[in-house]
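> Encoded as structure tokens, here's the structure I'll be asking about.
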Amino acid sequence: MKKNLLILFSTICLFSCQNYESEKYIENENIAINNLILEMIKFDEIVKLNNWEDKQLKLYIFSKLDTNTANSVKPNGYDTGANGISYSKEKIKENKKRFENELEKFEKEERLFYDLKKGKIKERNLDYNFSNEKIAFEYINPQKIKDFNPKKNEYGYLGVSRIIFNWNYTVGYLHYSFYCGDLCAWNDNIKIEKINGKWKIVERYSGGIS
């Protein structure tokens, strides 16, 4: 119990002891998002799939960085038998180990995304001039979107959360959601790292796809 509390305190301090509204923090957020956009929307994969290589596409970005996260479900136990018949000791041990691993993964995600889940970090307006030679950007208020079906030469709609950085801006955690039409959407809680001066997605946690 004491060990878990110590881990929780250390993790929160490592990622929370910052001024989320400072100019430096916001600048790092903007740069990270600019680096990550094409990876979050799976640009190369979708463009190739739809033969859009020679088209100028528009991406709508939500005009606020929110504090949303993907839903993570806490595991609630493991099976010791079925239909009134107990499993073997080996099977029970295997199920218990799987449960413990899933619980550890859940608790880790809760710690890492604590500031987003608990409202420690606030949403903010997004007014950065994103730039990429492969796509045109336009801000949009998500509340004014009638449907999420892109029109001709429109790629889709991207919403991004605030980022929880470590103290020296080399690791971060955030959530994003992307909509590209009927039965075309995905969202993830992700870990990002700055590698050779550019931000990359290095791990995915809870999320979903349709």
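> Run K134 past the list (1) of a type in the set (D, E, K, R); (2) surrounded by 13 or more Cβ atoms within 10 Å (Cβ to Cβ); (3) over 26 Å from F43 (Cα atoms); (4) in contact with a helix residue (DSSP H, G or I) (Cβ under 7 Å, 6 or more places away or on another chain) and report the number of the one that doesn't hold.
Status for K134: all satisfied but (3).
> Within the stretch 183-204, is there a residue that is modelled with pLDDT under 95, out of contact with any Cys (no Cβ under 7 Å at 6 or more places or on another chain) and open to solvent by less than 30 Å² (accessible area, probe 1.4 Å)?
No: zero hits.
> Collect the residues in the stretch 21-53 that are touching a helix residue (DSSP H, G or I) at 6+ places or on another chain (Cβ under 8 Å) and either open to solvent by 60 Å² or more (accessible area, probe 1.4 Å) or not in a helix (DSSP H, G or I) (or both), keeping them in residue-number order.
Those that are touching a helix residue (DSSP H, G or I) at 6+ places or on another chain (Cβ under 8 Å) and either open to solvent by 60 Å² or more (accessible area, probe 1.4 Å) or not in a helix (DSSP H, G or I) (or both): D44, W52, E53.
> For the stretch 176-200, give me the residue count where each residue is under 18 Å from L59 (Cα atoms) and assigned to a strand (DSSP E or B).
10
> Something else about it: Has the stretch 108-128 got any residue that is in a strand (DSSP E or B) and over 26 Å from Y20 (Cβ atoms)?
No: zero hits.
> Limited to the stretch 66-78, what total is found for residues that are surrounded by 13 or more Cβ atoms within 10 Å (Cβ to Cβ) and either assigned to a loop (DSSP other than H, G, I, E, B) or at pLDDT below 95 (or both)?
7
The values are calculated or read from the model by the stated rules, or taken from the named source; none is laboratory data. All of these numbers come straight from a predicted model, not from anything done at the bench. Please note: Cβ atoms are built from the backbone with ideal geometry, for glycine as well, and neighbour counts cover all protein chains shown. Heavy atoms of the whole protein, side chains included, go into the accessibility calculation; ligands, DNA and RNA do not. Shrake-Rupley method; radii C 1.70, N 1.55, O 1.52, S 1.80 Å.
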